[in-house]
Structure formats: structure tokens, C-alpha cells
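The values are calculated or read from the model by the stated rules, or taken from the named source; none is laboratory data. All of these numbers come straight from a predicted model, not from anything done at the bench. Here the Cβ positions follow ideal geometry from the backbone for every residue, glycine too, while neighbour counts run over all protein chains shown.
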Amino acid sequence: MNKLRAIFLTAVLVLFGLCSGAAWAQTTRWSEEKASQWYAQQPWLIGSNYTPQSAINQLEMWQEATFDPAEIDKELGWAEGLGMNTMRVFLHDLLWQQDAAGFRRRIDQFLTIAARHHIRPLFVLFDSCWDPLPHLGPQHPPIPGVHNSGWVQSPGAKALADPSQYPRLKAYVQGVVGAFARDDRILGWDVWNEPGSDTTGSYPQTEMKMADKIARVTALLPQAFEWAREVNPTQPLTSGVYEVDTSADESALQEIERIQVRESDIITFHNYSWPEDFKAEIAWLRRFHRPVICTEFMARPVGSTFDAILPIAKQERVGAINWGFVAGKTQTYLPWESWRHPYILDQPPVWFHEVLHPDGTPYRRAEVDLIRQLTGRH
């Protein structure tokens, strides 16, 4: 009986998401011409997914007790020195619930710091990756030797499973986007990071209990786009596809990917693979006739490196935002597989992500020289 109930709920939620998303996409999405005009006004976009080294996750970055404007100013100064002009920065719905006015002030303070360094962030509203049970207040310390051991989902599993909390999620989206809807310090809004993500490998006990997670996200994703559009932002909305099968046409896309492509004003994607795959994905995504930006790349041991990817991105005029800037509490310089084999006694032979050591010195001098060369900082 429980299985039949889950199947029925999945069907209903997916149908609701499909109908709602289709109606909204026809009336409110940017036209191809508007998206192209917007992109023509941008420089070649290059930056990192940014969390200060002192924060293990979005909550620790933004909560009043641990928000560190001096650290942010120093690190964004390092980014400016490389010629970076954007950063992808994650927000969280619980921060709005905790202290809406304070959160709004801290976002404004962050934007003031970023603007001082000529950096325009792409803010991420929701995220389906890693810990499904976020909580406010002090965050646990990093698990020794483990990649991204404290990152949290937004909304968490409890909120996602409880439709009575959806008005709160709407208030968060409209409160944040509405407060900065005409702020030219912001590049854009990434509505949902990897909405189809399943983290049962890292958090099996919680994720496996949410058998209908994908169905709920599928229904909520187009609503999240609509909530943001209702406050009329001047910045584009997007949600990045990942693991796209470029050997097939768009009919092979999963339903969440269809919503992402259908609702996004500009097309964004994640690619942690070889340069030939990166180039093939750019070509595949061009079929949607919209600007293309890569919002996650660069995992050295698996073939995605600055040396291989950045020249292609510059030549194709595709924005390039790598994962990780300064090594810190996220520990994403460690590989994904550290969840199975923690690096406690030894360090990995090659860093996975990150550009700089905690003191601002480069992990690899040739990489920062290449970034400076491509951004004209030499």
C-alpha cells in the first residue's frame, strides 16, 4: 500500500510540475533576443564557486555569528588579482527564516565588498546536494579527510516533504530576489543547484527515506522559477544541467532537465570531464539558442583542469566558474571518493578542487598564470 501511495504521489506531483511549468515558461521567460543582448553586455565571465575558508557550508558563511566580512574582503581581493569577475555563491532558506532582515543586510554587505573588487556574484537559492538535514546555529567541524563533509541541502528533507512549508520557501525566494531585483551588482540567480541529485551514497539513512524526493523537486522547481519571476528581477534566472548525454537529442533529457532548460533565461551546465566532452557539451547546448555558462568544472584527477578547459571556454565565449577558490573547511581539495577512503594520514597526490592555499599562495603557479593571461591581468 505504501509503495502504491508513493507511486500515486509521484505521478500527481510530476503532472502538477509539468502543467505549471509549461504555462509559466510560455509567458514569463526571457526571449532568446533579450538573453543574447544581456550576454553581449557581459565580459567573458570567469570565477569560482565561493565559500570563505572559515565556513564549512552556506549556513556558516552567512549566519551573523560566523559571517566574516574581513575574510571575504581579503579572499575576493585575491580573486580580483587573478582577473576573476564573478563568483557563484550559495544562499539558504533557513537563513531567511532565522533572521530575514539580518540576512538581507549581510547579502548587501557581501555585494558591497564584491563590487569593490569588480566581482558580480551568481546567487544560488536552492540545492539538492549533500546533507539532507540542515540546522541553524553552530555547524559541526569538518570530518577529517572528507570532501565537503558539512554541506547542506536547501530545502532540507523535512521541508521538502512538508507542503505546509512551501509558503515559507516562497517567502524566502521572493524576499531575497525581491530585495535585490534591480541591483546591478548581481549577475544572476541560479534557482536550484543539481535538483536531480541523489546523495544516498553519503547520507543513505535520510535520503533513502525520501523515496519521492525527485518527484517533489520536479514539482517544486518550476514553482521556484515562478516565485522569482513574480518579483520581476532584471537579472536572468537559470538552473544548471549536468551529466547530459550529448550523443542523444533533447528527447533524452530527464524531466527535471527539461524544466531546467525550458525555464532558464540563460543556459548553465556542470562538466567535470575531459576537454573533448566539455567542448561537445557546449556544442550540444547551443541548440537552445541562448548564452551558455559553465557554473561548475575543474576536478584535476578526472581530466577537468584549468589548462584544458579555460582556453576552450574563452574561445567559445562560454563563462567558466570552477568549483572552489581557497582551501578551507569545505575540504573540497580532497576528492569525492574520500567519503569512502578518508585522507587522514596522507594528502591526495593531486588536489581535486581549489585554486589557492589558505594564505593566498597558488596551489599551482602555472594555473594562476594562465588565468591572469586569459583575463588580461599579465
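With respect to the conditions (1) over 26 Å from Glu263 (Cβ atoms); (2) at pLDDT below 95; (3) in contact with a Ser or Thr (Cβ under 9 Å, 6 or more places away or on another chain), Ile143 falls short on a single one, namely (2). Only one entry of Leu94, Leu133, Leu125, Leu111 meets the criterion of being among the hydrophobic types (A, V, I, L, M, F, W, C), in contact with a Ser or Thr (Cβ under 9 Å, 6 or more places away or on another chain) and part of a helix (DSSP H, G or I), and that entry is Leu94.
Listed here are the residues, each with its yes/no results for (1) of a type in the set (A, V, I, L, M, F, W, C); (2) buried (at least 16 other Cβ atoms within 10 Å of the Cβ).
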site	(1), (2)
Ile46	yes, yes
Ile56	yes, yes
Met61	yes, yes
Ala70	yes, no
Leu76	yes, yes
Asn85	no, yes
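Considering only residues in the stretch 316-349 that are outside any loop (DSSP other than H, G, I, E, B) and of a type in the set (Asp, Glu), the one that is surrounded by the most Cβ atoms within 10 Å (Cβ to Cβ) turns out to be Glu316. In the set (1) out of contact with any Phe, Trp or Tyr (no Cβ under 9 Å at 6 or more places or on another chain); (2) β-branched (Val, Ile, Thr); (3) in contact (Cβ under 8 Å) with a residue 12 or more places away in the chain, the condition left unmet by Thr200 is number (3).
Only a single item in (1) farther than 19 Å from Tyr50 by Cβ; (2) surrounded by fewer than 20 Cβ atoms within 10 Å (Cβ to Cβ); (3) touching a residue at least 40 places away in the same chain (Cβ under 8 Å) is not met by Arg290, and it is number (2). Looking across the stretch 136-159 at every residue that is among the aliphatic types (A, V, I, L, M), in contact with an Asp or Glu (Cβ under 9 Å, 6 or more places away or on another chain) and in contact (Cβ under 8 Å) with a residue 60 or more places away in the chain, the one that is surrounded by the fewest Cβ atoms within 10 Å (Cβ to Cβ) is identified as Ala159.
For the stretch 263-298, the set of residues classified as assigned to a helix (DSSP H, G or I) and of a type outside the set (A, V, I, L, M, F, W, C) consists of Glu263, Pro275, Glu276, Asp277, Lys279, Glu281, Arg286, Arg287, listed by residue number.
Every residue in the stretch 82-101 that is more than 18 Å from Cys294 (Cα to Cα) and either out of contact with any helix residue (DSSP H, G or I) (no Cβ under 8 Å at 6 or more places or on another chain) or β-branched (Val, Ile, Thr) (or both), please. Listed by number, the residues that qualify are Gln98, Asp99, Ala101. Just a yes or no: is a residue in the stretch 303-316 touching a residue at least 24 places away in the same chain (Cβ under 8 Å), farther than 20 Å from Phe278 by Cβ, touching a helix residue (DSSP H, G or I) at 6+ places or on another chain (Cβ under 8 Å) and not acidic (Asp, Glu)? Looking for residues that are touching a residue at least 24 places away in the same chain (Cβ under 8 Å), farther than 20 Å from Phe278 by Cβ, touching a helix residue (DSSP H, G or I) at 6+ places or on another chain (Cβ under 8 Å) and not acidic (Asp, Glu), one finds none in the stretch 303-316, hence no. The C-beta contact set for the stretch 232-251 (first residue farther than 18 Å from Arg88 by Cβ, second residue among the aliphatic types (A, V, I, L, M) and in a helix (DSSP H, G or I), distance under 7 angstrom, 6+ apart or interchain) comprises Asp245/Ala252; Thr246/Ala280.
Taking the stretch 254-267 as the range and being under 15 Å from Ser197 (Cβ atoms) and either crowded, with 19+ Cβ neighbours inside 10 Å or in contact with a Lys or Arg (Cβ under 9 Å, 6 or more places away or on another chain) (or both) as the test, the residues that pass are Ile256, Glu257, Ile259, Gln260. Can you tell me which residue in the stretch 92-111 is nearest to Asn193 (Cα to Cα), limited to those that are among the polar types (S, T, N, Q) and in contact (Cβ under 8 Å) with a residue 40 or more places away in the chain? Among those residues, the one meeting the criterion is Gln97. For the stretch 257-283, the set of residues classified as among the aliphatic types (A, V, I, L, M) and under 30 Å from Arg182 (Cβ atoms) consists of Ile259, Val261, Ile266, Ile267, listed by residue number.
Scanning the stretch 204-262 for residues that are part of a helix (DSSP H, G or I) and farther than 22 Å from Gly156 by Cβ yields a count of 10.
Do the conditions hold for Ile113, that is, is it buried (at least 21 other Cβ atoms within 10 Å of the Cβ), modelled with pLDDT of 95 or more and either closer than 22 Å to Lys314 by Cβ or of a type in the set (A, V, I, L, M, F, W, C) (or both)? No; evaluated as a whole, the condition is false for this residue.
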